[in-house]
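Here is the structure we will look at, set down as structure tokens.
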Amino acid sequence: MFPLTRIVIPEILDTLDACHPDALRSRRDLRRLEWFLGGARWSARTAVEHRRDAEKGIFELGAGGGDLCRKLAASMPECTVTGLDFAARPAGLNPAVQWRSGDFFQTLSGSGGGILAGNLILHHFSDEALHTLGGMLAGFRVLLFSEPLRTSWSLRISRLAHPFVGKVTKHDMPASIRAGFRPGELARLLGLEKSTWRVSEIPRITGVLRFKAWRA
């Protein structure tokens with residue numbers, strides 16, 4: 001099996017200035033890959049299924065360009081949506097969407113709401129950091145994460161995109177997969193107690209793991 005344990009290394013995109021040509025190219029690549037992977041669509045659709053919890057507020061970790069926040073605000077305009085990211089608030093974002101710039105380990109602290117979501121974000125963090133994040137989840141009722149599935153199949157299928165992406169993405173895709181997750185790992189790393197949380201994990205043929213946890 002490939003690999004048995006997570007390997008978390010820095011991804012090139014995270015080290016580049018936002019205006020660097022390679023960074024701009026990589027973000028374009030990621031938008032196209034997201035269309036294929038469908039993580040934001042799944043999160044938005046699943047959040048609607050938990051509308052009563054969503055009415056207590058929705059937070060997105062690593063909101064980036066705000067695509068998921070846009071989808072959530074459009075599908076549930078009665079809910080408060082908050083994006084958390086190091087980056088500044090994206091231009092043109094729905095005014096109803098709230099935004100917190102900075103390290104979300106700090107900006108999320110003390111927050112609570114119905115739903116906490118993230119798309120291709122948790123694999124960036126060490127096991128220790130994920131344990132720390134897990135200690136901040138007491139105020140949420142539903143967790144929705146779409147993350148790289150750590151299998152040799154995911155690595156093979158990622159290579160099909162090589163002719164269509166830039167050099168940064170060619171490096172970062174396998175790095176993301178090696179830092180990804182297998183079923184059963186995220187709940188353990190976040191410290192989700194079986195007596196408190198129910199968990200659903202769906203490995204997809206596209207190479208992603210769709211993780212949902214909700215209060216028992």
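Please treat every number below as a calculation from the coordinates, not as lab data. Small disclaimer: the values here were computed from a predicted structure and weren't measured. Glycine also receives a Cβ, built like all others from the backbone with ideal geometry; neighbour counts cover every protein chain displayed.
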Query raised in the report: Which value, in debye to the nearest 20, gives the size of the charge dipole of the chain about its Cα centre, when Lys and Arg are +1 and Asp and Glu are -1 at the Cβ?
Result: 700 debye
Requested in this report: Assuming R0 = 35 Å, can you tell me the calculated FRET efficiency for the pair SER101 and GLU128, based on Cβ-Cβ distance, to the nearest 0.05?
Outcome: 0.90
Query raised in the report: Expressed in nm to one decimal, what extension gain is obtained for the pair ASP14 and LYS194 from 0.36 nm per residue of sequence separation less their Cα-Cα distance?
Result: 61.4 nm
Query raised in the report: Relative contact order, percent, of the chain when contacts are C-alpha pairs under 8 Å separated by at least 6 residues?
Result: 24 percent
**Report entry** Cβ-derived FRET efficiency at R0 25 Å, ARG52 paired with ALA74, nearest 0.05
**Finding:** 0.85
Report summary line: Net charge (Lys, Arg +1; Asp, Glu -1) of residues whose beta-carbon lies under 10 Å from that of VAL165, VAL165 excluded, is +3
Query - Estimated D of the chain in µm² per second, where Rh is the Kirkwood radius over Cα pairs and Stokes-Einstein applies at 20 °C, 1.002 mPa s - result: 122 µm²/s
Query raised in the report: So who's got an amide H within less than 5 Å of the one on TRP197, skipping anything under 5 residues away but keeping other chains? H placed 1.01 Å off N, in plane.
Result: ALA216
Query raised in the report: Of the peptides 13-22, 112-121, 195-204, how do they stack up when ordered by the mean number of other Cβ atoms within 10 Å, highest first?
Result: 112-121, 195-204, 13-22
Query raised in the report: Can you work out ³J(HN,Hα) from phi for every residue in the range 47-54, in order, using Karplus 6.51 cos²θ - 1.76 cosθ + 1.60 and θ = phi - 60°, giving whole Hz and x for Gly and Pro?
Result: 4, 4, 5, 10, 4, 4, 6, 4
